[in-house]
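A.B. asks: Dropping a structure here in structure tokens format, bear with me for questions.
Since every read-out is calculated from the coordinates, none of them should be taken as a lab result. This structure is a prediction, so every number in the text was calculated from the model and none was measured. All Cβ positions, glycine included, derive from the backbone under ideal geometry; neighbour counts span all protein chains shown.
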Amino acid sequence: MKNILVIGVGPHARRTHLPALAAGQDTGLVGTVTGVDLPAAAHAPVTYGTQRGVRTLPLTLVEPFDPTLRTLPHAVRHVLDAVVRRCSIDAVVVSTEPASHMAYAQWALERGLSVLLDKPLSVHAHCSTDPQRAHAILSDYDQLLACYRHARKHHPQLLVSVQCQRRYHPAFWRMRDLIAEVAEQTNCPVTSIQSFHSDGQWRMPDELIDITYHGFTRGYGKCAHSGYHFFDIVPWLLAAGERSGKELDTVEIHAHITRPADVLAQLGVADHEQLFPGFAARNPYTLRELRTATAGFGEVDAFISMACKSGRRTMTLGSINLVHHGFSQRGNLTPAAASLYKGNGRIRHETHIIEQGPFQALHFHSLQTLGDTTPSAGPHALGGESHIEVHVFRNNRFRPTWTKHTTLGYEALTTTWNADAAVPTQESSRRRAINEFLDYLNGRRTREQMLSELTSHRRASTLMAGAYLSMANQRTGASPVTTLDFRATHTTAPLPAQDTAGAVP
């Protein structure tokens, strides 16, 4: 049994990591679980558990530190080192504010501890307005990867896994297999991809300032919250269609965004006073004060266009469209929970449309409401809490053995994972990501079987850095289009020679 240290026990860890670790304790994969957090977390005991019983998490407190630091202050390291010795820690879960991920992950690697790292790998305050801080997102990846490789020289079994649950989702497994199958038969890559995600989160004007969890106050927003999932899953799917001579090596990125000032123009203070009679009494800010206070805040919505190239030739056109300020089912002025992390009418609308030349189209839809659309529809129907469909279209006039249209619903997408049912939900996929990490720690999986090792995340980091570079460049008056190396494994070697045959000026 492996002893686990959870650094950061906020809403995400309490909803995702602690229940999975409790289940691991029940099955003998996990020994002790110890928590680390800031003093504000000590106001109430942290409990977690399963049906077999509730446990109280032992909690060690560390003082806040400057998030721009890429290494932990001596005092914090001293406290953490003492916990590692006292509790015989074997591995670390890093679930802090993303700006601190790098510092904690590097500390763990220097101690020979395997890491389950929350997404994104890193972020920098004001990266949506400062190009240098935006570019640092990508250099952080290179630095962490170098640290990982160095640590493995002394601890060969060391592992860093990044928790990106869509890699563990049966619908994405199936789509990746379908892409690979058509690419094998036709040599055609993915030629276009459109990804869309909406949080269904409605923030009132005063909450833009007063609610900081998954907010915009640090100069970044949606792209650094749930956005990394899509920066990750898009290249993960594209890789299934790459073939010799058609490997992606560069990407051009252009981001269009809204910031809080734009949202306040869309639906402002006066509008909310009309919509909610109690809002005027609660809100302490004028519209001018809100605009001034949020001037340096991060992005609320981001529509990002991409051109992925091999040589000078565009292989794949794509878009990743990320929405905070979208369709919601919130109807109350006062939120039920202070963070807005879950609940309060928050729902998910997610789609992916993938075209593979003239041969195949895949449509993924996960469209929720609160509850079922009709009493008899069930949770998997359109609008249900776990609605999911993948539509597969194939050119059966070109290849008669193909089926022209197949619909894969919840039951068809349910498969097996380690002899257990793998249902196509985000919650179940999060648990599989954690369970895979625990299996590896206990010798039940090999490194080659891991779906989300750090070494496979360069392209995701590139897309995130490129999106923020585009935002920041626009803020400074530079070109909105940024071009970056998009090779899956970066080396210092130059990019392949550019194909100029027949190029149009």
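A.B. asks: Give me the net charge for the shell around residue 95: Cβ to Cβ below 12 angstrom, other residues only, Lys and Arg +1, Asp and Glu -1.
C.D. replies: Local charge sum for residue 95: +1.
A.B. asks: Counting only DSSP beta bridges with both residues in the stretch 2-118, tell me the antiparallel percent, nearest 5.
C.D. replies: Working: 4 of 20 bridges.
Looking only at bridges with both residues in the stretch 2-118, the antiparallel portion is about 20 percent.
A.B. asks: Listing 437, 172 from the residue with the fewest other Cβ atoms within 10 Å to the one with the most, what is the order?
C.D. replies: With the fewest neighbours first, 437, 172 line up as 172, 437.
A.B. asks: Add -39500 (n - 2.57) for each DSSP H run of 4 or more in the chain, then divide by its residues: what number comes out at 222 nm, to the nearest 500 deg cm²/dmol?
C.D. replies: Details: 14 runs with 155 residues, N = 505.
After summing the helix terms and dividing by the residues of the chain, the value is -9500 deg cm²/dmol.
A.B. asks: Once phi is turned into ³J(HN,Hα) by the Karplus curve 6.51 cos²θ - 1.76 cosθ + 1.60 with θ = phi - 60°, what whole-Hz value does each residue of the stretch 434-446 show in order, with x for glycine and proline?
C.D. replies: 5, 5, 4, 4, 5, 4, 5, 4, 9, x, 8, 9, 8
A.B. asks: Here's a follow-up. Give, as a single signed number, the net charge of other residues whose beta carbon lies under 15 Å from the beta carbon of residue 465, with Lys and Arg counted +1 and Asp and Glu -1.
C.D. replies: Value of the local net charge: -2.
A.B. asks: Could you tell me, in Å, what Rg and Dmax come out for the Cα atoms of the chain?
C.D. replies: Rg then Dmax for the chain, in Å: 23.1, 69.
A.B. asks: Shifting gears a bit: Can you compute the modelled spin-label distance between residue 69 and residue 370, with each label point 7 Å from Cα toward Cβ, in nm?
C.D. replies: Result: 4.2 nm between the two label points.
A.B. asks: How about the stretch 9-89: which trypsin sites (Lys or Arg not before Pro) there are in a DSSP loop, with at most 11 other Cβ atoms within 10 Å of their Cβ?
C.D. replies: Loop-located and lightly packed - 52.
A.B. asks: Here's a follow-up. For 228, 468, which order do you get if you count the other beta carbons within 10 Å of each Cβ and list the fewest first?
C.D. replies: Listed from fewest to most nearby Cβ atoms, that is 228, 468.
A.B. asks: Here's another thing I want to ask about it. Give the long-range amide H neighbours of residue 259: residues separated by 5 or more places, or on another chain, with amide H under 5 Å away, using H modelled in the peptide plane at 1.01 Å from N.
C.D. replies: 300
A.B. asks: Per-residue counts of other Cβ atoms within 10 Å, averaged by peptide: what ranking do you get for 89-99, 20-30, 145-155, highest first? If you can, show how the numbers build up before the last one.
C.D. replies: Details: 89-99: 22.7, 20-30: 18.6, 145-155: 14.5.
In descending order of packing, they fall as 89-99, 20-30, 145-155.
A.B. asks: Let a ≥ b ≥ c be the square roots of the eigenvalues of the Cα gyration tensor of the stretch 2-118; is it rounded (a/c under 1.5), or, if not, prolate (a/b larger than b/c) or oblate?
C.D. replies: Note, shape of the stretch 2-118 comes out prolate.
A.B. asks: Ok, one more. Any idea how far apart residue 244 and residue 483 come out in nm if each label point goes 7 Å out from Cα toward Cβ?
C.D. replies: 2.8 nm
A.B. asks: Where does each of 243, 445 land when they are ranked from fewest to most other beta-carbon atoms within 10 angstrom?
C.D. replies: The fewest-first ordering by Cβ neighbours comes to 243, 445.
A.B. asks: Using only C-alpha atoms and all pairs of different ones, pull out the Kirkwood radius for the stretch 86-230 in Å with one decimal.
C.D. replies: Numbers: mean 1/r = 0.0557 Å⁻¹.
Evaluated on the stretch 86-230, it is 18.0 Å.
A.B. asks: Something else about it: Assuming R0 = 35 Å, what is the FRET efficiency of residue 391 and residue 453, from their Cβ-Cβ distance, to the nearest 0.05?
C.D. replies: Calculated transfer efficiency: 0.65.
A.B. asks: Amide H neighbours of residue 310 under 5 Å, at least 5 residues apart or on other chains, H built in the peptide plane: list them.
C.D. replies: 249, 315
A.B. asks: Let me check I've understood the local charge: for residue 80, count other residues with C-beta under 13 angstrom from its C-beta, Lys and Arg +1, Asp and Glu -1. What total comes out?
C.D. replies: Values: positive: 77, 85, 86, 111; negative: 37, 63, 81, 110.
Here the charged neighbours net out to 0.
A.B. asks: So what is the relative contact order of the chain, in percent, for Cα pairs below 8 Å that sit 6 or more residues apart?
C.D. replies: Relative contact order of the chain: 18 percent.
A.B. asks: Could you work out how much longer the chain between residue 152 and residue 56 gets when fully extended? Use 0.36 nm per residue separation minus the Cα distance between them, nm to one decimal. It would help to have the intermediate numbers written out before the result.
C.D. replies: Working: separation 96, 0.36 × 96 = 34.56 nm, distance 3.37 nm.
Taking residue 152 through residue 56 to full extension adds about 31.2 nm, to one decimal.
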